[in-house]
Amino acid sequence: MRDQRAADPTARPLYKMTLEEARAEDLRSIQAGGGQPQPVAQVENTTVPGKAGDLKIRIYRPNREDKQPALAYFFGGGWTLGTIDTSDGVCRALTNKAECVTIAVGYRRAPENKFPAAVEDCHTAVTWLADNAANLGIDKARIAVGGDSAGGNLAAAITLMARQAGPRLIHQLLVYPNTDYRSDTKSLKENTDEALFNTKSVDWYWRHYLANEEDGDSPLASPLRAESLTGLPPATVITAEYDPLRDQAEQYADRLRAAGVEVELARYAGQVHGFFTMSGVLDAAGHAVDHAAGRLKDAFTTALVP
């Protein structure tokens, strides 16, 4: 879920395009706004066994030789758009700045694969990462998850799954995540401008993702609806002022904090949904990525202390 129109108010909203058109425009817009991708020490495209066949992943490595912490990153796009290519710029930047191995997960997209396919794939990838940590040169005790928009939703869902089934996670980076299918907040009602990601955009993505409305009540689709958030890893939650998802993301941060989870919430004034991936055109995006990387690096460093 991203705003693709901030730089071109004459463009059609993605929800008025065909699915094929929207996917192509999503990739084009992200690459145009992301700027020049940062070089990293190594990039590897590979697959891991998934529930419905091989699952594509992309592994980014920093210029380090020691056993490294890892971040599993889930791309945004409303569970419908996006690929590991659209998260490439962010993954490279986080790899360098947080000094970690970053694994971008190519989960199955809706509407071809409805909920909970994406959640299953993301948990499969994180479990594989932990199980194969030694062979990958990764410190199994320092694994975090993160994502933007729908990717943030998936990251939050994975922490709920991991609390029950493993693996142990030490941090969650949630960038303007959607957390509640039935949300009826002020920010959802106010952000109706068709030149930006808006309330209709949110509805369009949910319709693609869910097979039925009842699925939206599952905590794995709507983490805010989880009965308890105790025992989840510390969180960094990033929101944008002019974003229909702003309030539900901040509500989730509040509930995490109330459950005893350490949380840092950062709202970026004047920004719209999607700004995090637009470091090529927005200074605020660079600041947000730097902030996210700093939080991850602190989490990885803290985990080294006995």
Checked A299, A249 against criteria (closer than 19 Å to V101 by Cα, among the hydrophobic types (A, V, I, L, M, F, W, C) and in a helix (DSSP H, G or I)); the one match is A299
- Message: So for the stretch 191-205 (the condition being part of a loop (DSSP other than H, G, I, E, B), free of Cβ contacts under 8 Å to residues at least 12 places away in the same chain and in contact with a Ser or Thr (Cβ under 9 Å, 6 or more places away or on another chain)), does at least one residue qualify?
- Response: yes
Pairing a residue in the stretch 172-184 that is closer than 15 Å to T159 by Cα with any residue that is open to solvent by 10 Å² or more (accessible area, probe 1.4 Å) and modelled with pLDDT of 95 or more, where Cβ atoms lie under 6 Å and the two sit 6 or more apart in sequence or on different chains, gives Q172/P233; T179/L224
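Restricting to the stretch 225-254, name every residue that is among the β-branched types (V, I, T) and open to solvent by 10 Å² or more (accessible area, probe 1.4 Å). Steps first, answer last, please.
Step one: filter the stretch 225-254 for residues among the β-branched types (V, I, T), giving 230, 236-239.
T230 - this is the single residue of the stretch 225-254 that is among the β-branched types (V, I, T) and open to solvent by 10 Å² or more (accessible area, probe 1.4 Å).
If I ask for residues that are among the basic types (K, R) and open to solvent by less than 30 Å² (accessible area, probe 1.4 Å), which ones from the stretch 127-158 would you list?
R142
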Flagged pairs (Cβ under 7 angstrom, 6 or more apart or on separate chains; first in the stretch 36-53, closer than 20 Å to N135 by Cα; second open to solvent by 60 Å² or more (accessible area, probe 1.4 Å) and part of a loop (DSSP other than H, G, I, E, B)) are A41/N63
Those strands (runs of 3 or more DSSP E) completely within the stretch 10-102 that have 3 or more residues that are among the hydrophobic types (A, V, I, L, M, F, W, C), at pLDDT below 95 and open to solvent by less than 20 Å² (accessible area, probe 1.4 Å) are none
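Could you please find all residues in the stretch 110-143 being touching a strand residue (DSSP E or B) at 6+ places or on another chain (Cβ under 9 Å) and in a loop (DSSP other than H, G, I, E, B)?
N132, G137
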Residue count, the stretch 257-306, condition more than 17 Å from the chain's Cα centre (by Cα), surrounded by 14 or more Cβ atoms within 10 Å (Cβ to Cβ), modelled with pLDDT of 95 or more and over 30 Å from R28 (Cα atoms), comes to 7
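The values are calculated or read from the model by the stated rules, or taken from the named source; none is laboratory data. Just so we're clear, the structure is a prediction, and the values are computed from it rather than from any experiment. In this analysis, Cβ positions are derived from the backbone assuming ideal geometry, glycine residues included, and neighbour counts consider all displayed protein chains. Keep in mind that these areas ignore ligands, DNA and RNA; they rest on the heavy atoms of the full protein, side chains included. Shrake-Rupley method; radii C 1.70, N 1.55, O 1.52, S 1.80 Å.
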